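Report on one structure; see the data block that follows.
Each reported figure results from applying straightforward, stated rules to the coordinates on display, with no laboratory input. Here the structure is a predicted model, which is why all the values come from computation and not from measurement. Virtual Cβ from ideal backbone geometry, glycine too; neighbours counted across all protein chains shown.
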Amino acid sequence: MTSMWRTSGWILVGSALILALSLGVRHGFGLFLAPMSAEFGWGRETFAFAIALQNLIWGIAQPFTGALADRFGAARTVLIGGVLYAAGLMLMGFSDSALSLSLSAGLLIGIGLSGTSFSVILGVVGRAVPPEKRSMAMGIASAAGSFGQFAMLPGTLGLIGWLGWSAALLALGALVALIVPLVAMLKDRPLPVATGQQTLPEALREACSHSGFWLLAFGFFVCGFQVVFIGVHLPSYLVD
């Protein structure tokens, strides 16, 4: 029993750190709108489009990264997501056109977020603890993600002021790359394949038949829209 709790504790700590890094860095992208737009003479719609694309890809990719986590294990999925996320940040630091920004900040980071955020990480936490402790464990991991968003904003702003926006993105890419060694703390295995197991289309059809699924989806859509909209545009608005 003691060994089980020790293992669950390490998984919870690793999951919390991954969420703090993943969501914390993502929440500071709005701080890059003004310096990047000013340097390249972009309208604000160029940067905003890349971040909008990122969030759409993040949402669209999550069912597929969840299925990959079930099939091959969450640790491998988070590992790939962390690599793509870090690569996207570093390429974003060298972006000098709308296309390169959309591919790095939009496509790569969007896919990376889908593999390193709630849909995969909370599944790991839920499987690691007994049912009676599951809500508390998921709450702790989610709170770590929220704390990361709070803590990373002043750090990101400080990096931009100290290093400039390009080097700051490279530094954030190196920080996100810490997700790769943290994967070792997850100790998650692929789910056993049961006879008659649902396929992904069957699971999606079943989910879509429940009103609760649509209510949750709508709630997350509204939450994501207003949080990202404010997070991207508010810093520049306040400066103006």
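Yes or no, residue by residue, for (1) within 16 Å of ALA168 (Cβ to Cβ); (2) surrounded by fewer than 18 Cβ atoms within 10 Å (Cβ to Cβ); (3) more than 15 Å from the chain's Cα centre (by Cα):
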| residue | (1), (2), (3) |
| --- | --- |
| SER15 | no, no, no |
| ALA48 | no, no, yes |
| LEU53 | no, no, no |
| ILE57 | no, no, no |
| GLY66 | no, no, no |
| VAL78 | no, no, no |
| ALA105 | yes, no, no |
| LEU108 | no, no, no |
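Tell me which residues, restricted to the range 156-172, are under 23 Å from GLY14 (Cβ atoms), touching a residue at least 24 places away in the same chain (Cβ under 8 Å) and either in contact with a His (Cβ under 6 Å, 6 or more places away or on another chain) or surrounded by fewer than 20 Cβ atoms within 10 Å (Cβ to Cβ) (or both). Result: no residue meets the conditions.
Checking the structure you have, find out if any residue of the range 142-156 is more than 17 Å from the chain's Cα centre (by Cα) and in a helix (DSSP H, G or I).
yes
The residue of the range 123-132 that is surrounded by the most Cβ atoms within 10 Å (Cβ to Cβ), among those that are assigned to a helix (DSSP H, G or I) and touching a residue at least 40 places away in the same chain (Cβ under 8 Å), is VAL125.
Within the range 207-216, the set of residues being in a helix (DSSP H, G or I) and out of contact with any helix residue (DSSP H, G or I) (no Cβ under 9 Å at 6 or more places or on another chain) comprises SER211, GLY212, LEU215, LEU216.
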